[in-house]
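Shown next, in structure tokens, is the structure this report addresses.
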Amino acid sequence: MGKLIDMISRFYLEDYLSFEKVDLEFEKGLVVFTGPSGAGKSILMDAFLALFGIKEAKANLSETTVENSSISDEGFAIEAGDDIIIKEIKKDKVRYFLNSQTISKKVLTAFSSNLVKHLHLKDNSDFDSSRLVGFLDRLTASSDEEFTSLKKEYEENFHALLEISNQLKKINEDESKLEELKEFAKYEIEKIESINPKIDEYEELNEVKKRLAKKDKIEEAIELSKGIFDFRTSVSKALDIMDKDSAFFDETINELENIFENFNDSLYELEELDIEAVLDRIEKLASLQKRFGTIAGALEYKEQKQKELDSYDNISFEKTILEKKVKQLTQKVEELASSLTTYRTASAKILEERVNHYLKYLYLSNAKIYLKDKQIDNLGKDEVILELNGVNLDTISSGEFNRLRLALLTSMSKFEILNNGILFLDEIDANLSGKESDAIATVLSELSNSYQIFAISHQPQLTAAAKQHFFVDKQNGVSSVKLLDDKGKIEEISRMISGENITKEAYLFAKNLIDSK
């Protein structure tokens with residue numbers, strides 16, 4: 001399978017503001033929408049974006065099919081190359097479906113972020129330093145296999161440094177309250193040791209307590225029962241007279257006598273016990289049971305506190321070892337980070353040259369991409385700075401911002417280090433001169449080799465470069481969309497040039513403009 005390029009192949013819409021029904025099919029490349037002001041171009045674009053969770057859903061029904069997707073998602077049983085169907089239904093509330101499975105808007109938006117990109121003036125994410133670092137790393141790795149190993153080694157060492165630093169931090173925190181921790185551990189150990197509980201002791205003492213409670217009743221019952229032994233001889237004689245073996249009776253009487261004697265002995269032992277001491281012992285064991293669940297749990301807790309106490313005694317030794325490891329890893333990480341910077345600096349120059357190449361088409365120049373040191377993190381120590389004519393991006397005009405972003409995206413696309421996908425552009429050629437619009441069209445045409453691009457156009461130059469040209473119109477309050485053929489495309493571009501009354505010169509200019517693309 002060749003490289004996948006995501007593309008929307010179909011879009012369907014019902015009952016959305018001025019649109020009653022829309023059913024469109026798309027091809028790869030640049031797709032442009034034109035039409036009179038107020039016809040519904042922006043409304044239609046919002047309906048597209050709503051299906052990807054980017055805008056609020058307002059249509060009663062909308063659906064889109066994405067073909068040739070590069071996305072794999074086990075949760076939705078999607079593999080690379082599968083069709084993706086996204087559907088939105090609005091009745092009492094809005095419901096979204098992904099390949100017939102219900103999906104929340106939040107999950108849909110996250111899923112779509114790997115599929116669709118909406119370029120608008122408020123979005124400066126393409127110039128985010130961490131993202132640019134990622135671009136530079138992919139550019140470097142595409143031409144140098146050693147860089148991938150270097151980056152992996154850096155990440156492993158950085159994470160090791162982070163982990164050991166956290167351990168050292170905890171030790172330092174513990175050290176500041178070491179005496180308090182020691183005293184608490186000792187207190188807990190001594191509290192349990194003062195009771196010195198034994199496994200099963202609590203149950204055994206409770207049995208003794210039960211016997212003590214019944215001692216008087218047992219003694220009284222035994223005393224009343226002793227009379228049975230006075231009839232031993234009489235019963236044996238009667239059995240002999242009847243020629244019956246009296247052994248069973250003798251054995252029973254002897255067993256009964258032994259039971260009474262043993263019980264009497266145990267009762268004598270109970271008399272020697274300190275009842276108050278037994279009850280006090282039971283109460284102490286009960287307090288341990290209540291706190292730890294079992295006596296075994298109390299003993300395990302004591303063992304744990306003993307280990308903690310031992311570790312506190314070793315804390316200085318552990319701290320020395322960790323400080324040495326942190327020092328070694330810090331040096332290693334800084335060395336590796338510097339190596340990453342060397343590679344990235346070279347790639348930044350390559351990227352800068354390519355961006356400036358496209359900026360010439362866009363009538364801009366002097367973009368600078370360079371690295372500045374920052375606090376070291378999981379990406380290294382590099383902050384990527386992008387300037388235009390020595391000015392940072394916060395102060396350049398919106399037109400310059402849009403063109404610079406297009407140059408950057410097209411450069412990344414040219415190096416094949418940017419994920420393919422679907423682009424939606426907001427007012428990309430509004431308020432531009434003819435030559436600027438022509439430049440935008442040239443760059444977007446190249447970018448459309450890697451992206452399917454949807455744009456509303458206000459200028460004939462970009463419209464002429466479109467692979468597909470859709471005309472949005474409104475009649476009697478109802479909006480409609482239709483795909484223009486070659487003749488219709490020339491007529492619409494002529495209208496954009498000369499207005500409703502199309503001149504012969506405008507028609508000829510439109511035809512020549514399309515032929516030149």
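Data overview
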{"quantity": "Count of residues meeting criterion [out of contact with any Leu (no Cβ under 7 Å at 6 or more places or on another chain) and assigned to a strand (DSSP E or B)] in region 462-517", "calculated": "8"}
{"quantity": "Candidates SER494, SER479 - the one that is touching a Phe, Trp or Tyr at 6+ places or on another chain (Cβ under 6 Å) and touching a residue at least 60 places away in the same chain (Cβ under 8 Å)", "calculated": "SER479"}
{"quantity": "Any chance PHE97 is modelled with pLDDT under 90 and of a type outside the set (S, T, N, Q)", "calculated": "no"}
{"quantity": "Qualifying residue in region 55-76 (condition: over 33 Å from the mean Cα position of the chain (by Cα), part of a loop (DSSP other than H, G, I, E, B) and surrounded by fewer than 16 Cβ atoms within 10 Å (Cβ to Cβ))", "calculated": "no"}
{"quantity": "Residue list for region 348-369, filter: outside any helix (DSSP H, G or I) and among the aliphatic types (A, V, I, L, M)", "calculated": "LEU362, LEU364, ALA367, ILE369"}
{"quantity": "Residue check, ALA80 open to solvent by less than 70 Å² (accessible area, probe 1.4 Å), aliphatic (A, V, I, L, M), part of a loop (DSSP other than H, G, I, E, B) and at pLDDT below 90", "calculated": "yes"}
{"quantity": "Verdict on GLU223 being of a type outside the set (Phe, Trp, Tyr), modelled with pLDDT under 80, open to solvent by 80 Å² or more (accessible area, probe 1.4 Å) and more than 30 Å from GLY297 (Cα to Cα)", "calculated": "yes"}
{"quantity": "Residue count, region 16-33 (criterion: outside any loop (DSSP other than H, G, I, E, B), touching a strand residue (DSSP E or B) at 6+ places or on another chain (Cβ under 6 Å) and surrounded by 14 or more Cβ atoms within 10 Å (Cβ to Cβ))", "calculated": "7"}
{"quantity": "Residues of region 107-135 satisfying the condition of being exposed (fewer than 14 other Cβ atoms within 10 Å of the Cβ) and under 10 Å from PHE52 (Cα atoms)", "calculated": "ALA110"}
{"quantity": "Meets criteria (over 30 Å from PHE229 (Cα atoms), in contact with a strand residue (DSSP E or B) (Cβ under 9 Å, 6 or more places away or on another chain) and assigned to a helix (DSSP H, G or I)) for ALA337", "calculated": "yes"}
{"quantity": "Inter-residue pairs, beta-carbon under 8 Å, first under 12 Å from GLU383 (Cβ atoms) and in region 359-373, second open to solvent by less than 10 Å² (accessible area, probe 1.4 Å) and assigned to a helix (DSSP H, G or I), 6+ apart", "calculated": "ILE369/LEU132; ILE369/ALA348; ILE369/LEU351; ILE369/VAL355; TYR370/ALA348; LEU371/ARG344; LEU371/ALA348"}
{"quantity": "Listing of strands (runs of 3 or more DSSP E) fully contained in region 370-457 that carry 1 or more residues being acidic (Asp, Glu), open to solvent by 50 Å² or more (accessible area, probe 1.4 Å) and modelled with pLDDT of 85 or more", "calculated": "380-388"}
{"quantity": "Lone unmet requirement of (1) in a strand (DSSP E or B); (2) open to solvent by 70 Å² or more (accessible area, probe 1.4 Å); (3) of a type outside the set (A, V, I, L, M) for TYR96", "calculated": "(2)"}
{"quantity": "Filter result for the condition that a residue is in a helix (DSSP H, G or I) and touching a Phe, Trp or Tyr at 6+ places or on another chain (Cβ under 7 Å), over TYR343, TYR312", "calculated": "TYR343"}
{"quantity": "Considering residues of region 177-193 that are under 16 Å from ARG291 (Cα atoms) and of a type outside the set (A, V, I, L, M, F, W, C) only, the residue least open to solvent (accessible area, probe 1.4 Å)", "calculated": "GLU188"}
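The values are calculated or read from the model by the stated rules, or taken from the named source; none is laboratory data. This is a predicted model, so every value here is computed, not measured. FYI the Cβ positions are ideal-geometry reconstructions off the backbone, even for glycines, and counts take in every protein chain you see. Only protein heavy atoms, including side chains, enter the accessible area calculation; ligands, DNA and RNA are left aside. Shrake-Rupley method; radii C 1.70, N 1.55, O 1.52, S 1.80 Å.
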